[in-house]
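Notes to accompany the following structure.
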Amino acid sequence: MTQAEARISPPRAGAAEALPAFAARGITKRYGGTLALDHIDLTLAAGQIHALVGENGAGKSTFLGALAGRVVPSEGEITVFGQPHVFGNPREARRLGIGTIYQELTIIPRLSAVANVFLGQPLSRAAILSEAAMRREFHDLCLRFDVSIRPDAIAGTLSTADQQMLEIMRGVRSGAELLLFDEPTTSLAPPEREGLFRVMRQLREQGKTMVLVSHNLEEVLALADTITVFRDGKLARSAPRADWTKATMVHAMVGHEVEEYRRVARAARPAGAAPLLTVKGVTLPGACEDISFSLQPGEILGIGGLVGSGRSSLLRALAGVEPKSRGEMIIEGHGTPWPARPRQSMRAGLALVPEDRKAQGLVLSMRAMDNIVMSNMGRVMRAGILSDSTIASASRQIAREFGYAEHRIGTIVRHLSGGNQQKVLLGKARFSDPKILMVDEPTRGIDIGAKDEIMSTLRALADQGMGIIVVSSDLEEVIQISDRILVMSHGRLVDEIDQSKGPATVSDILNSAFGVDKNAN
Amino acid sequence: MQTEAQAHAGTGGGFSRYFSRDMLLQYGVVWAFALLLILGFIAYPRLFALQNLQNILSQAAPLGIVAVAMTFVIISGGFDLSVAAIFALGAVVFAGHADGLGLWGAAGAVLLISVICGVINGFIITKMKVNPFVATLGTGSIFGGGAFLYSNSAPQVPDNFDFGILGTERFLGWPISIWILLAVFVIGAFVLARTVYGRSLYALGGNEEAARLSGISVDLIRGSAYVLTAVCAGLGGMILSSRLGVGQADMGGSLALDAIAVVVIGGTSLLGGEGAVWRTAIGLLIIATLTNVFDSLAINTNVQQVVKGVIVIFAVALDLYARRVRR
């Protein structure tokens, strides 16, 4: 698709710019009998930001992997700045000037923030590490991104967002000419995203080329010079930013029209019903302070706020994962002892879908059906014995509810896409038959189709009388799904927005979170 | 994304599915065992003689019993180096008390002591949060020292005429020790594959945090696996001392590493969360057959040591390779 390089020429002219950043010809990747990439031809000009979009499984990440030197294509070739790419060798890719920022963190938890940023490429003089120089550069990087991370902080103790920033800093400072970003913003809050975008634009000014894989179409439209859409392993269309709208992108991705951000329909709820859950004075030292709220049956309660505002800690406290937390809990009018262990919380009728599906949610080495029944194995036990057929039929029922393909019920979870993994994770929480379902980041890093399905399943569960609490960094998603929104900031509850009188906007939530407007005094 | 594509390929069905590289790798240990049987038969035609088969199995019984429990611990993401010491403790206590308490009394004493050892291991690992490797290295030294102190470093030779029953007596024509070995394998395989407890061990080894959030009592499950290894080690010690007619504090030898080797050769991952008891059975049969054939060919035990080391490394490398290509 040479039209990509045609229109938007980089701001600077020069001999080097004439050379494309990379040119891929006939890139094909087969996994067994499946074509993950089908003869992709793509040439991208240097000095631009290129976005690759598409649903999960469309081939964009595989293509990025081929560029990064991680995936070895079955056919085809890529030249990078005129030089042939040697596949399957990340080190060789680095020599060609390619730097990759992976979505999965490659942070080493026990090393300091500085050490992580300079991992593999430390500053040294005569083979002796020069700490001072690295600290200076780290400080400069923090200023550029407008973040404050203590240089000596042990990386493992930092938030996911800060770890992601370290990862990005490492990629940016490596001096690569072609930077590949694989969904860099999934765990970042709006201000941090802005910081990253600012740096990406600066890098473009400096003539660097960037390739961005993202599920966030707004972000792609705001940032990219060229947008390439993948569908079913093929290149659907590649064109300059000016030729795209969100609607045309979605159309190219799914091959047919999709309603844009439709608000999920909600059923009328009985007025004045007794609250399903009431909590009072929930406190977790260092994370949440004195939080009280209640939840009606059939209600979806969204919790908005920035990363680090204590949203996730609140859910974890309710789920009995934070033994240091305290508070009062009343379920259907009955006082319940404050849960000190997950089991206690589950007995009380709560279930948590944790934010990190790989680290906290799923056992990747087990089958989808084993994961689903894990939250309540007693239910599929017959005379003390677990049989695969009982487990399969019980979990099939759950799978159906979440739109998970039933024939994949026996697939090892590691081999599933993010969207399917998320469905399994939700199904697992559902299987414990909770009265209250708490979902932390229900749709992180999954495609539009799966996202839609998950949202309407949550609504359907609420319509059956379940109370649902949703936490998400994607504020649009919070607005879309919630009946009522609680806004948290610095561990405190700062606002409550009732959406029955009309939808809130992202800026309503951010204003509350930042203490602008009514909460400022 | 590419993993998604691979999952498609993996569930593609049809004839080729059963003969794919995946299948070859996943059941590689079975093919290896089959090959070993053929080569072994060529080198030593008496390999399949009933007498020889019984010999192989009864010799392998103590190690096999311990290896089943070790499978549990390894799948839970742990490790138990103290089994050799508990094995020796079981042997000397059984032999030492066979006269005073009678066979049943002595067996009860061994059971009690084994359970105590296992609970100590479990407590140190789950409550004091000491890494299993270090914890059982330490307790192994303690229990082993206890065996020497108990026996005053002297061989315990009981006068009880029935002492040899466990190790040498037969039932339906086969040695009792083989029946016990078989029972431990069958029960172990069933518990691991078909009970909530077994499933919880896999979950714990695969992702402890996910298991905890699923309401599984991780400390209890993890700790109990060490009680199992301890009880099986005690039982193994009793069988060996019964067969030899003597209990000695140095009987454990390299049992801990041998048991781990058997588990690993079968293809159970040292990383935890994956594996099976049938794999341990194959691992045990491979080692036992190899020893038998080598012994029949009068091959020096030092050479045998070298060969077994190579096999362990090869098995682990193959397991890691299989993981890479399947990913």
What is the packing order of peptides B:313-322, A:164-173, taking the mean over residues of other C-beta atoms within 10 Å and listing the highest first? A:164-173, B:313-322
At 4 °C and a viscosity of 1.567 mPa s, what translational diffusion coefficient does Stokes-Einstein give for chain A, taking Rh as the Kirkwood radius over Cα pairs? Give it in µm²/s as a whole number. 53
Starting from the Cα gyration tensor of the stretch B:48-326, take the square roots of the eigenvalues, sort them a ≥ b ≥ c, and report rounded, prolate or oblate (rounded when a/c is under 1.5, otherwise prolate if a/b is larger than b/c, else oblate). oblate
How high is the relative contact order of the stretch A:350-433, in percent, with contacts defined as C-alpha pairs under 8 Å that are six or more residues apart? 45
Take peptides A:43-50, A:332-339, B:260-267 and line them up by average Cβ neighbours within 10 Å, highest first, as a rough protection proxy. B:260-267, A:43-50, A:332-339
Shielding of A:410-416 by partners, i.e. mean partner chain Cβ atoms within 10 Å per residue? 5
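Apply 1/(1 + (r/R0)^6) to the Cβ-Cβ distance of residue A:356 and residue B:254, taking R0 = 41 Å, and write down the FRET efficiency to the nearest 0.05.
Details: r = 41 Å, r/R0 = 1.00.
It comes to 0.50.
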Rounding to the nearest 20 debye, state how big the charge dipole of the protein assembly as shown is about its Cα centre with +1 on each Lys and Arg Cβ and -1 on each Asp and Glu Cβ. 660
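How many Cβ atoms of partner chains, on average, are near each residue of A:372-380 if near means within 10 Å of its Cβ?
On the way: counts 0, 3, 11, 5, 3, 9, 1, 0, 2.
Other-chain Cβ atoms within 10 Å of each residue's Cβ, averaged: 4.
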Restricting to Cα pairs under 8 Å and 6 or more apart, the percent relative contact order of chain A works out to 14
Dipole of chain B, positive end: most advanced residue of B:157, B:114, B:287 [Cβ charges, Cα centre]: B:287
Per the C-alpha gyration tensor (a ≥ b ≥ c, the square roots of its eigenvalues), the stretch A:350-433 is rounded if a/c is under 1.5, else prolate if a/b beats b/c, else oblate; here it's prolate
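Which helices of chain B meet both criteria: a Cα extent of 20 Å or more along the helical axis and a mean Kyte-Doolittle score no lower than 0.0, with helices taken as whole DSSP H segments?
Numbers: long enough: B:28-43 (22 Å, 2.62); B:50-75 (34 Å, 1.41); B:83-97 (21 Å, 2.10); B:102-126 (36 Å, 1.97); B:132-151 (27 Å, 1.02); B:176-194 (26 Å, 2.44); B:218-244 (40 Å, 1.18); B:277-296 (28 Å, 1.20); B:301-326 (37 Å, 0.78).
Helices meeting the span and hydropathy rule in chain B are B:28-43, B:50-75, B:83-97, B:102-126, B:132-151, B:176-194, B:218-244, B:277-296, B:301-326.
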Label residue B:30 and residue B:190 with points 7 Å out from Cα along Cα→Cβ: what is the distance between them in nm? 2.2
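Which of the peptides B:81-91, A:207-217, A:230-240, B:48-58 is most tightly packed, and how do the rest follow, judged by the mean count of other Cβ atoms within 10 Å per residue? Please list the in-between numbers first.
Details: B:81-91: 31.1, A:207-217: 22.7, A:230-240: 20.2, B:48-58: 14.8.
My ranking of the peptides, most packed first, is B:81-91, A:207-217, A:230-240, B:48-58.
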In nm, to one decimal, how far is the modelled label at residue B:99 from the one at residue A:274, with both set 7 Å along Cα→Cβ? 7.4
Please average, across the residues of A:353-366, the number of beta carbons from any other chain that are within 10 Å of each residue's own beta carbon, and give a whole number. 5
Under the helix-only model (-39500 (n - 2.57) for each DSSP H run of 4 or more, divided by the residues of the protein assembly as shown), the mean residue ellipticity at 222 nm, to 500 deg cm²/dmol, is -15500 deg cm²/dmol
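Report the equivalent ellipsoid semi-axes for the stretch A:59-100 in whole Å, largest first, defined as the square roots of five times the eigenvalues of the gyration tensor built from alpha carbon atoms. If you can, show how the numbers build up before the last one.
Working: eigenvalues 42, 26, 16 Å².
Three semi-axes, in Å: 15, 11, 9.
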Taking the Cα centre of the stretch A:350-433 as the origin, how large is its charge dipole in debye, to the nearest 20, when only Lys and Arg (+1) and Asp and Glu (-1) carry charge on their Cβ atoms? 120
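Using a Förster distance of 51 Å, how high is the FRET efficiency between residue A:153 and residue B:141, based on the Cβ-Cβ distance and rounded to 0.05? It would help to have the intermediate numbers written out before the result.
Working: r = 39 Å, r/R0 = 0.76.
Efficiency, from the Cβ-Cβ distance: 0.85.
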Only Cα pairs under 8 Å and at least 6 apart count here; give the relative contact order of chain B as a rounded whole percent. 32
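Which of the residue pairs A:428/A:451; A:324/B:127; A:428/B:127; A:280/A:324 have a Cα-Cα distance greater than 21 Å in the structure shown? Display every interim value, and only then the final one.
On the way: A:428/A:451 17 Å; A:324/B:127 17 Å; A:428/B:127 28 Å; A:280/A:324 16 Å.
Going by Cα-Cα distance, A:428/B:127 fall outside the 21 Å limit.
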Separation of the stretch A:455-496 and the stretch B:158-229 by C-alpha centroid, Å? 46
If you take the beta carbon distance between residue A:389 and residue A:452 as r and set R0 to 41 Å, what does 1/(1 + (r/R0)^6) give as a FRET efficiency, to the nearest 0.05? 0.80
Dipole magnitude of chain B about its Cα centre (Cβ charges: Lys, Arg +1; Asp, Glu -1), debye to nearest 20: 880
Label-point gap, in nm, between residue A:245 and residue A:290 - each point 7 angstrom along Cα→Cβ: 5.0
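Rule-based calculations on the coordinates, nothing more; no lab input. Just so it is clear, the structure is predicted and the values come from calculations on it, not from any experiment. Backbone-built Cβ (ideal geometry, glycine too); neighbour counts: all protein chains shown.
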